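The values are calculated or read from the model by the stated rules, or taken from the named source; none is laboratory data. Model, not experiment: these values are computed from the prediction. Neighbour counts run over all protein chains shown; Cβ positions are idealised from the backbone, glycine included.
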Amino acid sequence: MQDHKAKGARKSRMDQRTRERLPVVDLVAAALDRARGEAAEILDAARKATPGEEFTAAGTTLRRAVVQRRSLHVWAEDAQGTRRNLIREESNAFWAWAAVEVLRHTGIFSRGLLSVAWCCVTESFPWILRCVSRGVADVADSSYACSTG
């Protein structure tokens with residue numbers, strides 16, 4: 001009998017997490033779409049800039065890095081001198097957006113797998129939370145953190 005009650009309580013907690021996260025799905029999708037667009041805009045501007053040239057795109061000012069060897073990657077440096085691989089940033093932003101869109105349009109985000117999908121996305125791609133938190137402050141709130149049990 002106790003095992004049955006424990007399973008029921010666990011199911012209740014899972015259902016509650018789904019109800020809490022469901023309204024945020026559209027906000028997450030919009031924030032990831034915005035981040036994808038910004039990353040693509042920054043990459044496009046960097047490709048047009050010559051090495052050493054400063055450029056601004058999506059409200060971000062960067063300097064196209066001067067590289068010693070020919071590279072398939074597009075490197076840029078921010079004001080602090082931190083080097084960024086813009087090809088990788090654009091790719092990460094695209095695949096995060098694509099994953100959420102597939103989950104959302106197949107209905108997985110609107111069903112019981114929402115908690116699993118949310119935990120997988122936020123634990124596998126912690127930078128998604130940084131992208132999302134710029135557009136949706138509530139998503140990074142602890143009430144949306146993954147919990148066990």
- Note on the structure: Of the candidates 10, 34, the one satisfying the condition of being at pLDDT 80 or above, under 17 Å from residue 100 (Cα atoms) and either out of contact with any Ser or Thr (no Cβ under 6 Å at 6 or more places or on another chain) or part of a helix (DSSP H, G or I) (or both) is 34
- Task: Would you point out which residue out of 20, 90 is buried (at least 18 other Cβ atoms within 10 Å of the Cβ), touching a residue at least 40 places away in the same chain (Cβ under 8 Å) and under 24 Å from the mean Cα position of the chain (by Cα)?
- Result: 90
- Query: Restricting the search to the stretch 23-48, which residues are in contact (Cβ under 8 Å) with a residue 24 or more places away in the chain, of a type in the set (A, V, I, L, M, F, W, C) and surrounded by 16 or more Cβ atoms within 10 Å (Cβ to Cβ)?
  - Reply: 24, 25, 28, 29, 31, 32, 35, 39, 40, 42, 43, 46
- Query: Are any residues in the stretch 57-87 assigned to a loop (DSSP other than H, G, I, E, B) and either under 12 Å from the mean Cα position of the chain (by Cα) or among the basic types (Lys, Arg) (or both), and if so, which ones?
  - Reply: 69, 70
